[in-house]
1. Which order, highest average first, do A:188-198, A:330-340 follow once you tally other Cβ atoms within 10 Å for each residue and take the mean per peptide?
2. Need one value for A:37-48: mean number of C-beta atoms belonging to other chains within 10 Å of its residues' C-beta atoms.
3. Kindly put A:Val344, B:Val206, B:Val143 in sequence by how many other C-beta atoms sit within 10 Å of each C-beta, fewest to most.
4. Give me the dipole magnitude in Debye, nearest 20, for chain B about the Cα centre, with unit charges on the beta carbon: positive for Lys and Arg, negative for Asp and Glu.
5. Using the crude model of +1 on Lys and Arg Cβ and -1 on Asp and Glu Cβ, and no other charge, please compute the dipole size for the protein assembly as shown relative to its Cα centre, in debye to 20.
6. So how much slack lies between B:Ser90 and B:Leu178, counting 0.36 nm per residue of separation and subtracting their Cα-Cα distance, in nm?
7. Among A:Pro248, B:Thr203, A:Pro335, whose Cα projects farthest towards the positive end of the dipole of the protein assembly as shown, with charges put on the beta-carbon of Lys, Arg (+1) and Asp, Glu (-1)?
8. Taking H placed 1.01 Å from N in the peptide plane, check which residues at least 5 places from A:Ser150 or on another chain put their amide H under 5 Å from its amide H.
Amino acid sequence: MNRRHFITTSAAALAATSLPSCNSSGKKKTLTVFTWADYLSENATAGFEKANDCTVVIDTFDSNEAMLAKLESGATGYDILVPSSYAVQALNRKSMLMPLDHSKLPNLKNVDASYLAKAADTKMEFSVPYMMAPTCLCYLESKVSNPVESWSMLDRTDLKGRVTLLDDMREVLGAALKFLGHSLNSTDPAQLAAARDVAIGWKKNIAKFENEQYKTGIASGEFFLVQGYAGDLLQASEENEDMRIFIPQEGSAFSCDDLCIPKNTTQPDLAHAFIDHLTASEVAAENMAWIGYRAPNSAAYAQLSEDFRGSPVLFPPDGIFSKCEPIADLGDKLPLWTSEWDKVKTAV
Amino acid sequence: MKPSRVPFVTLVIVLVFLYLPIAFLVMNSCNTSRFASKWGGFSLRWYERLFERQDIIAALGNSLKIATAASIISMVLGTAAAFALERHRSRLQDAHRLLITVPLVLPDILMGMSLLLLFVSLGVSLNLITITVAHVTFCLSYVALVVQARLQDFDFNTVEAARDLGATKLQAFVKVTLPLLAPGILAGGLLAFTLSIDDYVITYFVKGPGSDTLPTLVYSMIKKSKDLPVINALSSLMLAATFIVVAVSQRLTRPTPIRD
């Protein structure tokens, strides 16, 4: 076989095997979940597939906004969505969600009532809380002397240039509102203006607004104090024992991602069964440990390892937890926030 | 006179610039620590984890299938377009040229959204085929551009000579035109392949259930996953595969030494 012959035959063979094919997997039912990558334990999926003789297909998105844009354009084929609470509200306002049939969801009794009281969808009419984690502050113990577990840490000029804040309007202005003793979702113009001034003060102290690199930054000692998501920070702290994570005593955002069913699903029964499966206490416990977030599932708490259950970040004492709030959809008050946030971002 | 050192220094700087990040990536794929900034010791844990991750392997498979199909289709269509643009001049061809060029400058987000709206209004279910179609729409412009550049200094007299000597139109095309244009078409195809395999924005909008590609999966993994360093391992393996393919193709395409 000469060289040219080899090239042509191998190219042809390669092309033939690699053309996209749409092989449907027989008659087995398929449940499609539109979610974040690695946000569902392998065992939880496998258990559900076995019990219901179906296949679970995962499709991923990387932000709530991207998910909303796609669904609003009319993309279909999804049976379960896992957006953050505020995005659930946005979906619901556009009546894109199916009301949940509680008779098919006996495990809803497991859901943590203390969280539910604060949630937007208190009665779980359209969504069931899935996983939640607070926004925290984290400092390096060896670099920060006499720390206080408060947002006031962000004012400390001795840390100047070694601090990062999240590049997120809701998190930064929300923290400032909490620091002033107001609600995280306040739409009162005077409160917001005060929060803006606090945030501008913080901005003078920070190195930058940062959403991704802060975890590597603090793990490597580049930053001394960062505002970040508990999930990320807990992961990072496994690598660096010097890191101390806390929820500020004034309270913070405790954001939650929810399970919901789009109106145009073709598998409403299977979708309900899936939500029920994930709210079963033993599944929820295993899932939590795998993902590293807290599922608001009271019945599952007892089945967690002592280490996990003892985490003051995921399971804060009642005094602090009662001051935390989920981030809510602002609806038509959004411009109020964006204009204050613009002032923070452009302040010098 | 001593030869100038400038070219050598430039070469070193360019090589460092190009390959240092890659070397860093490969090094990190063997890092026990989850973070690039800290060396936690050598281990192959991320490689082991990679082979347990069926979803990543499946996403890579999807990416390769789409890129292969999209580059082959856009090679055919792009070459045809280039021919039409080069051989025929008219008002209509001006419009044609415009339509071919626009996807090069159109923002991805616009293309993604409009393609999604089109697929939805046609009632097509989103899957690997819709992604492939979307990729062909932007890849074919690049192929057309590259092939057209090649056609500009193509001597059409050779085709006429073949016809004079009795070749049919098809024979002349297959035996004369195509072999002479092949480097241009292949270059366009390779460009299309790379563009297709790392496209994120357009792919996100036109992908459907179960058709995650590597870029869409990686972007989502950044948010919540504990397994992100697996991507370093995967990238290192892909890098090795690329080097092997390039080395083999260099061997295969080396001009055969003339024997006497």
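Since every read-out is calculated from the coordinates, none of them should be taken as a lab result. Values in this document were obtained by computation on a predicted structure and should not be read as measured data. All Cβ positions, even for glycine, are placed from backbone atoms using ideal geometry, and neighbour counts span all protein chains on display.
1. Those peptides, ordered most packed to least, come out A:188-198, A:330-340.
2. Going residue by residue through A:37-48 and averaging, the value is 3.
3. Fewest-to-most ranking of A:Val344, B:Val206, B:Val143: A:Val344, B:Val206, B:Val143.
4. For chain B, the charge dipole is close to 480 debye.
5. 2180
6. The B:Ser90-B:Leu178 span can extend by a further 29.2 nm.
7. Toward the positive end, the furthest listed residue is B:Thr203.
8. Result for A:Ser150 returns A:Gln249.
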